[in-house]
Structures are given as structure tokens and as C-alpha cells.
Amino acid sequence: MDYDLLARQLEALLDSDDWLTNSAQTAAFINTNIASLNWVGFYLQRSPQLLTLGPFQGNPACNPIPFSKGVCGAAATQRRTQRVDDVHAFPGHIACDAASRSELVVPLVSDGQLWGVLDIDSPLPERFSEQDQAGIEALCEVFLKATRLPSFVA
Ligand code: SME
């Protein structure tokens, strides 16, 4: 996967600085351009320690997710990307879609604030390599750079 090319294409696509437009475009862009995914979307910290469902592509999903739960909660709490080869082996994984087998969740941090996470699910086990992780983290950087993020949480 040519993630450098994807980053340049996403940069060109995000020609507004609006968080709602850009998060919707980013979810659709990833879902269209990266193979073997069944869910791509944002969860936003709109109230303290709670992730609220934002723009996404895929089946209707679980909402809300507390920081104490699931792969998304772990990414938000630790502020570290969670790359899970087998979701069934992850303690506390929240199964929104039974088809999901592996998952990548990237925390979105701006000005020291955890704004939200980008969550990506695949129906294939071990779908995400270290290279995928680095490439998708770079796409998140493009999103963060392009977007004026409102602070939902004081
Ligand atoms: N599996 C996630 C929940 C969100 S869905 O995958 C869309 C988790 O364990 O946090």
C-alpha cells in the first residue's frame, strides 16, 4: 500500500478546516482506498472520559464507549495506537459487528487533549501490519493538521 500517495491525496481532499466535514471525508476516503475493511469511523470525546460515535462507514455501531471499555477505550486512555491481530483475544473487546476479526485504533491528540479516536475494523485476522499502522497514523496526522478541532471537553 502506497501510504505516501494516500497521505497526499487525503491532504488534497481535506480542503476545509471543518471537523465534521473532514472526519466524514477521512472515514470515507480510508474505507474506499484501503482493502479488506468492514468499519471505519471516529469516536469523539464530547464529554469527559466518554467516546461518542461520530462520522463512520459501515454497520450501525456501539455508542457510547467509556474510556474503561474496549479497544477504543484503551487507545483513548493510553493515548497509544492499539493494533489488535485477533479481537477475540483482546480482553474487553466490544463486538459491534460479529464480522470484525482485527482492529486498529489511533488516538487523536491535539494541544494535549484527547479529541477522539479513529477506529478501523477488518474481517481478516492480522489485517494490520506495522507498515499499515504507521501509514494510518500518518493519515491521522494529515486529518489533525487540516482540521480546526473544537474543544468539546473543558
Ligand atoms: N471494537 C471496538 C468498538 C467499536 S466498533 O469496532 C465500531 C472496541 O472494542 O472498542
The size of the Cβ-based charge dipole (Lys, Arg +1; Asp, Glu -1) of the chain about the Cα centre, to the nearest 20 debye, is 480
GNM on the chain, Cα springs under 10 Å; top mean-square fluctuation among Pro123, Pro91, Pro66 goes to Pro91
On each of the three principal axes the extent of the alpha-carbon atoms of the chain, given in whole Å and largest first, is 39, 38, 25
Length gained if Thr21 through Phe152 is fully extended, taking 0.36 nm per residue and subtracting the Cα-Cα distance, is 45.5 nm
The long-range amide H neighbours of Gly116, using H built 1.01 Å from N in the peptide plane and a cut-off of under 5 Å, are Gln45, Leu108
Summed over the other residues with a beta carbon less than 15 angstrom from that of Ala98, with K and R at +1 and D and E at -1, the charge totals -3
The simple spin-label model distance between Asp111 and Arg80, using points 7 Å out along Cα→Cβ, in nm, is 2.7
One checks the Cα atoms of segment 79-144 and finds Rg and Dmax, in Å, of 12.2, 36
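Taken together, the values in this text are just the output of simple stated rules run on the coordinates, not laboratory data. Given the structure is predicted, the values throughout are model-derived calculations rather than measurements. Backbone-built Cβ (ideal geometry, glycine too); neighbour counts: all protein chains shown.
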